[in-house]
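Coordinate-derived values only; no laboratory data. Just so it is clear, the structure is predicted and the values come from calculations on it, not from any experiment. All Cβ positions, glycine included, derive from the backbone under ideal geometry; neighbour counts span all protein chains shown.
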Amino acid sequence: LPAEFQAAKPILDTIEAAGYEAYFVGGCVRDTILGKPLHDVDIATSAFPAEVKQLFKRTVDTGIEHGTVMILDHGNGYETTTFRTESGYQDFRRPDQVTFVRSLQDDLKRRDFTINALAMTANGKVIDLFDGLADLEQGVLRAVGIAEARFHEDALRMMRAVRFASQLGFTIEPQTEQAIADNATLLTKIAVERTRVEWEKLLMGQHPIAGLTGLLTTGLYRYMPAMADQEGLLRQLMALPTWHLTSIESTWTLLSWTMRLTDEAAVRHLLKMWRTSNELISHVTTAVKAVAALKRAGRLTAQENFYTGLDALTTANQVATILGFGQDQTELARAYADLPIHDKHELAINGGDLVKAKLVTPGPMMGQILTACLQAVITKQVANQQDDLLDFAGMVADSKNH
Ligand code: ATP
Ligand code: MG
């Protein structure tokens, strides 16, 4: 048993001692069997939420209407969900109603893929009611039950299929794949934000080609935002030498670049279609410019480093590296650290200082002189010292007055 399960075992033991069943379930069981690191440990139990809460001192109602209670223990939080069935998926997304049940089998039956429908006892015994182990071994994503019906219940599962294909390097079982192809249009019923999360995870997977192949062969990509006519984009991404993106920012930067969206408005438009945050838009537009600079010159100037900032530089360099014109990341971080200042507020003079020295009166000229000072400091022409900068500002003011 992995350390995370060892740590959580007392929770299962406590629930069982009270006469209920409790298991590890879902992704954590799948990843344990695959020998992959776990990010969270999910527990399923026959105890109803109120019963779970009675057994533990510290719990949080994270989703009690769906049966989920978080149990806090030694600094860890364990999402513990009552066995449940779901019904009435009227809109191809979330169920209208969840019903708590006492049977593990009913709970596992509602899960999306056989590899996600495994449970494990506190002692590490695997409960495999849908042949998920065989599919794990063979690297197959197979819907639990009738694939068509399962995608009708919840169309997001189609995106999850290609996302898991990318994360695990698995292939989608033919009937499951056919059902995605037949029902792809249902993806438009899903909130863009939820589709986006799966798309980002797909692009950050260890086997992105497997995920992209799934999108292409099923045609699912056509129903993703702004992707209807992007077969060429997918093929270009698939033609790149092996790549691995490690941040959401990098995924959008690589997409924007590959779609040749180099001007800011075009990048912004794409990201708006996908309902990303303004923070992400600003990061990606900055990073795309830096990718262009790297492509053009092979390296960035001190000014470009300053205005891009280390985070967007790192994004840009990851993408440029995939595209074959990246810089050594350590070198890049060193060049950035070597900048005399990293923020314009660190400049040793401000407008007030210029006025006091009678070099300028408030107005547009003041901004121009401050910008010139900033450039001079960044490029190490002038030290970031007030005296030096006042001398320099005086020269700039003179030249502007003539
Ligand atoms: P990861 O957390 O690594 O992204 P996961 O398999 O744990 O993968 P979650 O979204 O955390 O995925 O969901 C936990 C479990 O809940 C899944 O393993 C699956 O059994 C079930 N599940 C999640 N989403 C769905 C869905 N849309 N339809 C059916 N079952 C689902
Ligand atoms: Mg999970």
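Points worth noting:
- Relative contact order (%) - criterion: Cα under 8 Å, at least six apart; region: the chain: 8 percent
- Note on the chain: antiparallel DSSP beta bridges, both residues inside, total approximately 80 percent of the bridges counted.
- Distance histogram in 5 Å bins (all Cα pairs of region 84-132, percent per bin): 5, 20, 23, 22, 17, 8, 4, 1
- Gyration tensor (alpha-carbon) shape descriptor, region 345-401, a/c threshold 1.5: prolate
- Rounded to 10°, Cα long-axis angle of helix 310-323 versus longest principal axis of the chain: 70 degrees
- Calculated translational diffusion coefficient of region 140-239 (10 °C, 1.306 mPa s; Stokes-Einstein with Kirkwood radius over alpha-carbon pairs) equals 122 µm²/s.
- Calculated P(r) tail over 18 Å for region 27-143, as whole % of Cα pairs: 56 percent
- One quarter of the convex hull surface built on the alpha carbon atoms of the chain amounts to 25.0 nm², the projected area averaged over directions.
- Straight-distance crosslink candidates among lysines, where the alpha carbon sits under 29 Å from residue 358 and sequence neighbours closer than 8 are dropped: 344, 380, 400
- Judged by the ratio a/c of the largest to the smallest principal axis of the C-alpha gyration tensor, region 95-166 counts as oblate, that ratio being 1.5 or greater while a/b is no larger than b/c.
- Nearest 10 degrees, 0 to 90: helix 192-203 Cα axis against the chain principal axis: 80 degrees
- Of all the options 108, 203, 332, the one that moves most in a Gaussian network model of the chain with Cα springs shorter than 10 angstrom is 332.
- Using alpha-carbon coordinates, inclination of helix 364-378 to the longest axis of the chain, degrees: 70 degrees
- The alpha-carbon of residue 9 sits under 16 angstrom from the alpha-carbons of these aspartates and glutamates, leaving out residues fewer than 8 places away in its chain: 21, 40, 42, 73, 79.
- Set of lysines with alpha-carbon distance to residue 189 below 28 Å, sequence-local pairs under 8 removed: 109, 201, 272
- Protection-proxy order for peptides 353-360, 165-172, 183-190, each taking the mean of Cβ atoms within 10 Å per residue, highest first: 165-172, 183-190, 353-360
- Ratio of the Cα radius of gyration of region 246-339 to 2.2 N^0.38 Å, where N counts its residues: 0.99
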